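Accompanying notes for the structure given below.
The values are calculated or read from the model by the stated rules, or taken from the named source; none is laboratory data. Because the structure is a prediction, the values reported are computed rather than measured. Methodologically, a virtual Cβ is constructed for each residue, glycine included, from the backbone with ideal geometry; neighbour enumeration extends over all protein chains shown.
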Amino acid sequence: MTPSAAFEAYCAAWVAGDHIAMTDLFTDDGVFEASTLDRPAKGREALLSQLRWIAQGQKNIRTETRTAIDVGDTAYIEGTYRGEIIGTGGKIDGSPHRVDFRFVAVVEMRDGKIARLAEIYDARPLFPEERQRMFTINRRTPYWQKTVEAGAMEWSVYNNMHFPMIYSHTPHEDYCALLEGVTLWDVALERQTQLKGPDAFAFLDYLCCRDMSTMAVGDCRYGLLSDEEGKLMCDPVVLRPWEDTIWLSHGNTDVTLWARGIVMGTDWDVDVSEPDVAPLQIQGPLALGTLEKVCDHPLAEMKNYTCAVTKVAGQDAVVSRTGWSGGFGFEVYPFSSDRAEELWDAILEAGHEFRIQVTGPIVHRAIERGVTDMNYYMNSDMNAFEDLGGKFVNVDTNVDFIGREALRKIRDAGIKRHSVGLLFEGDVPRIEWFWSLDDGNGHTGEVRWAIHSFELGQDIGIAVVDMAIAIGDIVEVTHPNGTTRAEVTTVPFVKRGA
Amino acid sequence: MTTPRSPSATLLSCVDAFNKRDASAAAAMADDRALFEIPMLKPNRLRGRDEISRGIEAAFKELKSVELTVAKPAETDSVAITEGRLKVTRNSAPDEDHQVGIVAEVHGDQLVRFSLYLNARNRRLWSDETIL
C-alpha cells in the first residue's frame, strides 16, 4: 500500500467511525499527531482510545484530498476535513457546531503500515475568538487562572462564583475521559456551609428533610433541604469530617445565609459559616491512581460516600469518595485556598501519566446516571416528593425538620407531579430554560434537563410531569427549535459502570 | 529564455526569504494575484504582490527572529509540500515553536499560492494576554 493509499483508507475508516480499522493501519508503535491533540498518541492502545474519542464524537464527516504526493515511504497530502460535533446541542440558530479545516498531512510508512501520521492544521478558527467576558459582581475561584490556561471557554454563575463549564475538548472526548480515564474539575463554587459546635449534628437534622441522624464521623450523605412550605432548596452532599463539624457541600443556593438566619436569636449552640474551602473533583476510574500519588490517606480503602481528614500535596484537606459524575471519583476540600494553584498543579502532574483532562461537570454522563442539581430559584416550585430524591424523605419521623408539616400535608393531599426520564425521538438543542411538555390529553410538565446520551446514542431528558403521565407514554416537547416527541421512561438511563 | 523554477525550489526560496525576514524577496516570487495564507497574520490571507509584501513586512516588524526549517519538499509539476518547524522570537511576547506544513503552488515561473499550515491557537489563548 502506498502512503497516500494508506491515508485514503484511514480517511474512509474515519468517515465510518471505525477506530479499529483506523488503528489497524498503524504499526504497533505508530504515532498520530494532530493540532487539537493534547499530546501525540503513540502505540496501539493509545491510538485505539484516542481515535475513538475523537472520531465517535463527530458525525457527517467528509474528507477531500487536494494534492497527494508519494515519495518513497512518505506521502505529503493537502486536503480538507469537514465534520459536525455531537452532543453540544448545536448553535442558537439550530445549526450544528462544525469542525471544518484544511490540513497538511504527512504519512510515513514502515513495512506497509503507517509509522507516523501528522495532521497539521490551524485549530484557531474552530474556537471562539475570545473566552467569555466576566463581570466583577461575581467571584473568581482560586483556580481561575489555571482553568483559563486549560482552555475554559464558557462559565456559569454558581454561588456567586464563576463556574467553568466548557473547555476545548468535544463533549465525547470529555465523556470518554470521565468513563475511561481521569478528569479534574474546578468546583470551588461548591461552597461549604459549615455547622460547628455542640448542636451542629442536631441542627443538621433540623435543616434536612432526610434523616441524617445515623451519620458517623467520616460519613458523607446525600441531603435534601426544603423550606417551610416543603419546596426544595438544594441537595447538598453532607460531610461529617469531625465529631462537632458538618459541611453541607451545597449547590447554587445561599444555604449559609439560610442557616445563619434560622440560628439567629435561637438556643441552637452552633456556629454557621462559609470557610475558605475550594473543592476540586477528580473523577473517573483512574482517579485513584492519580490522587493516591499525592494523598497521605489510603484512598483505595475508602468506601463510597465516606470522607477523611488528610493531606493532599502537603496541604491539609478533607478527601471524600463523592462527586457529580455518577461514577467513581473523589473530591478534595483544601482547608485554605492560599496555595490553590499548587494543589491544582500537583494533581495535574500526578495525573499526567493517565492523560488527566481538565473538564467541566460532564452533564452527559450525569443525566445518563440520573444525577441532577437544583437551586431554590429554578426548581419549578418542586417539593421533595416530586424530585428524584423524594424517596429519601420520611415525614413520619418524630424528628422535627423544616418543611415536615408542609410535606405531610402535600403527601396526604396526594402528590401531584413526579420526575421521569425522556427518550427523545430526534435531536434537541441545548436547554437554556425549561421546555413545556404535554401528552395530548391535557397533562403537562416541564423538561428540566436535556442532553445527548453517548451510551444510548440518542438525546435524553428529565422532566417533572403530572402524575397521570406514566412510563411508556409518548409526549410532545416544545423547545426553541420546534417540537420533538419523546417516550417517558425511568431514571437512571444507564447503570453505574455500564 | 529562463527555465521555470521547480515548485520545490520556489518553496525553498520562499523559506529562505522568511528566514532573512525579507518581505520583498518573498513577494517578488509571487504572481500578481498570488495568495499567501499564514495563520498568525491578521488578516491571514494576503492577495497580490503588494498586499503580500505589506502584510509580511508588518508581521516581521513584530519579530526579532524567524527560523523556518523544513524537510526536502515533495512535488508534482505545480505543487510542492513539506513539513518542518517555525521558531519565532517576538518583540513583546513569548517565543514560539510550531510544527508546520507548507504548500507552494506555482504556475510557470510564478508562485500563485503559499500556504503555511500551523496551529495558531496558542496566539489566542483564553487568557488575559494580548490577542493579536
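Within the stretch B:54-76, take every residue that is at pLDDT 95 or above and small (Gly, Ala, Ser) and give me the one that is surrounded by the most Cβ atoms within 10 Å (Cβ to Cβ).
Here the residue is B:ALA74.
Counting only residues that are surrounded by fewer than 22 Cβ atoms within 10 Å (Cβ to Cβ), part of a loop (DSSP other than H, G, I, E, B) and either within 13 Å of chain B (Cβ to nearest Cβ) or hydrophobic (A, V, I, L, M, F, W, C) (or both), how many does the stretch A:151-166 have?
Adding up the residues that qualify gives 2.
Just need a number here: residues in the stretch B:50-89 that are in a strand (DSSP E or B), over 14 Å from B:ALA9 (Cα atoms) and either in contact with a Leu (Cβ under 6 Å, 6 or more places away or on another chain) or within 14 Å of chain A (Cβ to nearest Cβ) (or both).
The initial filter retains those residues of the stretch B:50-89 that are in a strand (DSSP E or B), namely B:63-70, B:74-75, B:79-89.
The next check asks that each one be over 14 Å from B:ALA9 (Cα atoms); those that pass are B:63-69, B:83-89.
With the extra rule that they be either in contact with a Leu (Cβ under 6 Å, 6 or more places away or on another chain) or within 14 Å of chain A (Cβ to nearest Cβ) (or both), the set shrinks to B:68, B:83-86, B:88.
Residues that pass the stated criteria total 6.
A:GLU228: within 17 Å of A:ASN375 (Cβ to Cβ) and surrounded by fewer than 19 Cβ atoms within 10 Å (Cβ to Cβ), yes or no? Spell out how you get there, then give the answer.
On the way: within 17 Å of A:ASN375 (Cβ to Cβ): no; surrounded by fewer than 19 Cβ atoms within 10 Å (Cβ to Cβ): yes.
Taking the combined requirement at face value, the residue does not satisfy it.
Sort out which residues of the stretch A:231-242 are in a loop (DSSP other than H, G, I, E, B) and modelled with pLDDT of 95 or more, and write them in order of number. I'd like the intermediate steps shown before the answer.
We begin by selecting, within the stretch A:231-242, every residue in a loop (DSSP other than H, G, I, E, B); these are A:235-236.
Passing the criteria: only A:PRO236.
Please go through the stretch A:308-323 and give me each residue that is in contact with a Phe, Trp or Tyr (Cβ under 8 Å, 6 or more places away or on another chain) and under 17 Å from A:GLN283 (Cβ atoms), ordered by number.
Looking only at the stretch A:308-323, we keep the residues that are in contact with a Phe, Trp or Tyr (Cβ under 8 Å, 6 or more places away or on another chain), and these are A:309, A:315-323.
A:ALA317, A:VAL318, A:VAL319, A:SER320, A:ARG321, A:THR322, A:GLY323, listed by residue number.
Only one of (1) part of a helix (DSSP H, G or I); (2) in contact (Cβ under 8 Å) with a residue 40 or more places away in the chain is not met by A:GLU45, so which one is it?
All conditions are met except number (2).
Only one of these is part of a strand (DSSP E or B) and in contact (Cβ under 8 Å) with a residue 12 or more places away in the chain: A:LEU195, A:LEU179. Name it. Reasoning before the result, please.
On the way: A:LEU179 fails: part of a strand (DSSP E or B).
Testing whether each residue is part of a strand (DSSP E or B) and in contact (Cβ under 8 Å) with a residue 12 or more places away in the chain leaves just A:LEU195.
What's the number of the only condition in (1) within 14 Å of chain A (Cβ to nearest Cβ); (2) part of a loop (DSSP other than H, G, I, E, B) that B:SER92 fails to meet?
For B:SER92, the exception is condition (1).
Among the listed residues A:ILE77, A:ILE54, identify the single one that is crowded, with 18+ Cβ neighbours inside 10 Å, under 23 Å from B:GLN99 (Cα atoms) and away from chain B (no Cβ under 14 Å). Lay out the reasoning, then the answer.
Details: A:ILE77 fails: away from chain B (no Cβ under 14 Å).
Within the list A:ILE77, A:ILE54, the selection yields A:ILE54.
Between A:THR36, A:THR27, which is under 17 Å from A:LYS113 (Cβ atoms) and either part of a strand (DSSP E or B) or within 14 Å of another protein chain (Cβ to nearest Cβ) (or both)?
On the way: A:THR36 fails: under 17 Å from A:LYS113 (Cβ atoms).
Only one candidate passes the filter, namely A:THR27.
If I ask for residues that are without any contact (Cβ under 8 Å) to a residue 60 or more places away in the chain and more than 12 Å from every other protein chain (Cβ to nearest Cβ), which ones from the stretch A:137-150 would you list?
Within the stretch A:137-150, A:ILE137, A:ASN138, A:ARG139 meet the criteria.
Kindly establish whether A:ASP122 is within 8 Å of chain B (Cβ to nearest Cβ) and not in a strand (DSSP E or B).
On the way: within 8 Å of chain B (Cβ to nearest Cβ): yes; not in a strand (DSSP E or B): yes.
In short, yes.
Which one is nearest to A:GLU64 (Cα to Cα) among residues in the stretch A:84-119 that are within 14 Å of chain B (Cβ to nearest Cβ) and under 31 Å from the mean Cα position of the chain (by Cα)? Let's see the steps before the verdict.
Pass one, the stretch A:84-119, residues within 14 Å of chain B (Cβ to nearest Cβ): A:99, A:101-109, A:116-119.
Remaining after also requiring under 31 Å from the mean Cα position of the chain (by Cα): A:99, A:101, A:119.
Details: A:VAL99: 14, A:PHE101: 11, A:GLU119: 14 Å.
So, considering only residues that are within 14 Å of chain B (Cβ to nearest Cβ) and under 31 Å from the mean Cα position of the chain (by Cα), the one nearest to A:GLU64 (Cα to Cα) is A:PHE101.
Conditions first: (1) assigned to a loop (DSSP other than H, G, I, E, B); (2) surrounded by fewer than 20 Cβ atoms within 10 Å (Cβ to Cβ). A:THR310 passes all but one, so which condition is the exception?
(1)
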